[in-house]
1. Got a number for residues in the stretch 55-85 being small (G, A, S), at pLDDT below 90 and on the phi < 0 side of the Ramachandran plot?
2. Sort out which residues of the stretch 49-90 are out of contact with any Leu (no Cβ under 8 Å at 6 or more places or on another chain) and of a type in the set (A, V, I, L, M), and write them in order of number.
3. How many residues does the stretch 60-81 contain that are closer than 18 Å to L118 by Cα and out of contact with any helix residue (DSSP H, G or I) (no Cβ under 8 Å at 6 or more places or on another chain)?
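The values are calculated or read from the model by the stated rules, or taken from the named source; none is laboratory data. Quick caveat: nothing in here was measured; it's all calculated off a predicted structure. Heads up, the Cβs are rebuilt from the backbone with ideal geometry, glycines too, and the neighbour counts pull from every protein chain shown.
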Amino acid sequence: MRANKLVDASLLRMLDRDRQRFQLHALLREELRNLAPLGEFQAAHAAALEKQFADWEGRWLERRECLPEVIPAVQYLWGKSESSLAVLLTYRGFRTAERIGELEIALRILQQEETLCLELGNKNGLAASYGIKP
């Protein structure tokens with residue numbers, strides 16, 4: 001199996017053998033993000049996360065392992081001007097992380113939203129990220 005070779009080469013880390021969940025080495029993941037054809041993968045990834053977090057309130061414990069994936073998916077959505085989906089995924093990811101006590105990732109999700117709003121000059125989004133009604 002190719003995954004075993006990547007694990008042996010320390011390019012892939014086994015997260016869950018039974019469910020075949022892996023994590024790419026950070027440097028490899030960053031390089032892959034910079035590739036042009038990756039757009040289709042990123043779109044599919046963002047759509048899968050959106051689907052996963054659609055019922056976050058009922059299945060929030062099961063979403064724990066997907067929380068770190070929210071940040072790159074939201075970056076992709078903002079980059080494609082899909083701000084409404086990005087805001088929705090940010091909210092659901094943050095609320096899930098907050099509910100299960102994953103406060104570090106909850107903070108990183110909100111900090112990303114703040115950074116993106118500042119970069120794009122989105123004052124309404126920035127106010128909303130601070131909990132202020134625009």
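1. Applying the first criterion (small (G, A, S)) to the stretch 55-85 yields 58, 73, 79, 81, 83-84.
Within this subset, residues satisfying the condition of being at pLDDT below 90 are 58, 79, 81, 83-84.
Pick out the ones that are also on the phi < 0 side of the Ramachandran plot and you get 58, 79, 83-84.
Within the stretch 55-85, residues that are small (G, A, S), at pLDDT below 90 and on the phi < 0 side of the Ramachandran plot number 4.
2. Those that are out of contact with any Leu (no Cβ under 8 Å at 6 or more places or on another chain) and of a type in the set (A, V, I, L, M): A54, L61, L67, I71, V87, L88.
3. Count: 2.
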